[in-house]
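A short write-up of the structure that comes next.
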Amino acid sequence: MAAISFTPHVQRPPIPLLSKPRTLITKPRVSTQASPTSQLALSDPFVLQLAEALEDSLPSSSSYSPPLPLQNLRDSSSEALLSTPWPSRKDEPFRFTDTSFIKNSQIQPISRPPSFPSFLEDTHFPTLVIVDGFVVNFSNLTELPNGVYVGSLLELSEETIMKRVSEFVSSSCDGDLFWSINGIGAPDLTVIYVPSGCRVEAPVYLRYFANEGGEEGSNKLPLSNPRVLVLVEKGGEIGIIEEFFGGDGDKCYWANSVFEVVVREGGKVRHSYVQNQSLNAAHIKWTWVRQESASTYELVEVSTGGKLSRHNLHVQQLGPDTITELSTLHLSVGDQTQDLHSSIVLDHPRGYSRQLHKCIVSHSLGQAVFDGNIKVNRYAQQTDGGQLTRSLLLAPRATVNVKPNLQIIADDVKCSHGAAISDLEESQLFYFQARGIDLEAARKALLFSFGAEVIERLPYAWMKKNVESQIKELLDPTNKGS
């Protein structure tokens, strides 16, 4: 029968990271202000070797000088790595998530923009195509309202926007090792800027593709570090779609993505995130959201790809009357780990938050992890917060680990949370069979309806249709193309 397992795996001995020998360094070559004490804390040569490989992958000609926000980001990330070891299952945030698949591979940071076909179909939306971390194509950007910028930081010439970006992109946060790896290795920063009072009607579509990849069994793991900053000024509004594609076949690669959102007073961001990477890939993503007073952030996420997929989601409400709504659906149909670690911090009165997390594990080697933390601090009075996680285990030895966590310090709140883990209920199956519907059709109907609660929250009809077809195909491969 399916199980809920809390037993950590035995740690494997590390395997060299790169495909060619390298000299270990005692600090990244980027200049830092680290103290002698922190220098002594360097206990993970593997991480420092990776930092050096990332720096080697960046442009190094004397004529190249990155924009100040990007250089500041690299400097602060290099300093953070000085005392950050590679995570193991002895670390609480990774207790149920084994990252040795990445560490034991030959990690090769991607150093140059890929050649990629420019004849992708027109989506009729403002679209950026990001391949292996590089912006390689765009379309329909001229249809954006005046003052809106969507594009590369390297090509940004507007000084006012550059100054605003500088205020946020290099700000410190409590990101982990993977956040810092992205900060060093990101070749560029994709900027989405919405000026005050501007409502962008059409969503901005970010299409991520993996071009480079090792063949299955080759141990090669190309690494990309796409990074996006969304800055919505006072009263602005925008919808953003992130969709990750795995490219051709079942290639092995590591996509290490960061998505930062700043929503100023009264602003609104509708964020749709669909992850469909190769089943041999590692997909690690950070989403970091800062909301000012009376702002709204809505996320709908559907994640089905990756051998290892982990989403670190942090939302901080920085003012009163703030609304946060998070809906996620994770599906593990093979030897996969689908992991969501989320944190919502409420510090001000009359905050509102809702989180719905659902996952389906349909393979005996599949695993799902949910660690969701909502913290209602002392001054967050009259908060209305709710969290619900529901999981379906459909195969023997399928595993799910859930840790819903609601911390309340304020004393005038309305908060609740709940968790449920089960197979399909016999009473529901019996209901269908009593009406002449066979068992297999009943199971399919119940599975699809379980995920539909999240899919229906996607704000675009064409996207709902695509995701529904994908989910049906994954859960029932015999219906491919139907």
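The values are calculated or read from the model by the stated rules, or taken from the named source; none is laboratory data. Just so we're clear, the structure is a prediction, and the values are computed from it rather than from any experiment. When we count neighbours, we look across all protein chains shown, and the Cβ atoms used for this are built from the backbone with ideal geometry, even at glycine. For the accessible areas, the whole protein counts, side chains as well, though only heavy atoms, and no ligand, DNA or RNA atoms are used. Shrake-Rupley method; radii C 1.70, N 1.55, O 1.52, S 1.80 Å.
So here's what we get for this one:
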| item | result |
| --- | --- |
| Residue, nearest to the chain's Cα centre (by Cα), within the range 339-393, restricted to residues that are of a type in the set (Gly, Ala, Ser) and assigned to a strand (DSSP E or B) | SER342 |
| When residues of the range 130-146 are limited to those that are over 13 Å from VAL204 (Cβ atoms) and aliphatic (A, V, I, L, M), the one modelled with the lowest pLDDT | VAL136 |
| Filter result for THR322 (more than 15 Å from the chain's Cα centre (by Cα), farther than 21 Å from ASP98 by Cα and buried (at least 24 other Cβ atoms within 10 Å of the Cβ)) | yes |
| Tabulated pairs, the range 448-464, first over 20 Å from ILE238 (Cα atoms) and open to solvent by 20 Å² or more (accessible area, probe 1.4 Å), second hydrophobic (A, V, I, L, M, F, W, C) and not in a loop (DSSP other than H, G, I, E, B), C-beta under 8 angstrom, 6+ apart or interchain | PHE448/ILE471; PHE448/LEU475; GLU453/LEU356 |
| Residue in the range 253-272 that is surrounded by fewer than 22 Cβ atoms within 10 Å (Cβ to Cβ), at pLDDT below 95 and out of contact with any Asp or Glu (no Cβ under 7 Å at 6 or more places or on another chain) present | no |
| Pick from the range 57-96, criterion free of Cβ contacts under 8 Å to residues at least 60 places away in the same chain and more than 30 Å from GLU167 (Cβ to Cβ), ranking: surrounded by the most Cβ atoms within 10 Å (Cβ to Cβ) | PHE94 |
| Number of positions in the range 410-440 that are loosely packed, with under 12 Cβ neighbours inside 10 Å and not charged (D, E, K, R) | 8 |
| Selection from the range 183-198 of residues that are more than 20 Å from PHE134 (Cα to Cα) and either polar (S, T, N, Q) or open to solvent by less than 10 Å² (accessible area, probe 1.4 Å) (or both) | VAL194, SER196 |
| Yes/no for GLN49 being outside any loop (DSSP other than H, G, I, E, B), modelled with pLDDT of 90 or more, surrounded by 16 or more Cβ atoms within 10 Å (Cβ to Cβ) and not hydroxyl-bearing (Ser, Thr, Tyr) | yes |
| Test: residue in the range 389-399 that is buried (at least 18 other Cβ atoms within 10 Å of the Cβ) and closer than 26 Å to LEU318 by Cα | yes |
| Residues (buried (at least 19 other Cβ atoms within 10 Å of the Cβ) and not in a strand (DSSP E or B)) located in the range 216-243 | ASN225, PRO226, GLU233, GLY236 |
| Pair list, Cβ under 9 Å, 6 or more apart: the range 137-161 residue in contact (Cβ under 8 Å) with a residue 40 or more places away in the chain, other residue basic (Lys, Arg) | PRO145/ARG199 |
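Conditions (1) open to solvent by 40 Å² or more (accessible area, probe 1.4 Å); (2) assigned to a strand (DSSP E or B); (3) within 23 Å of TYR297 (Cβ to Cβ), marked per residue:
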{"position": "ILE161", "(1), (2), (3)": "no, no, yes"}
{"position": "VAL165", "(1), (2), (3)": "no, no, yes"}
{"position": "ASP174", "(1), (2), (3)": "yes, no, yes"}
{"position": "PHE178", "(1), (2), (3)": "no, no, yes"}
{"position": "ILE181", "(1), (2), (3)": "no, no, no"}
{"position": "ARG207", "(1), (2), (3)": "no, yes, yes"}
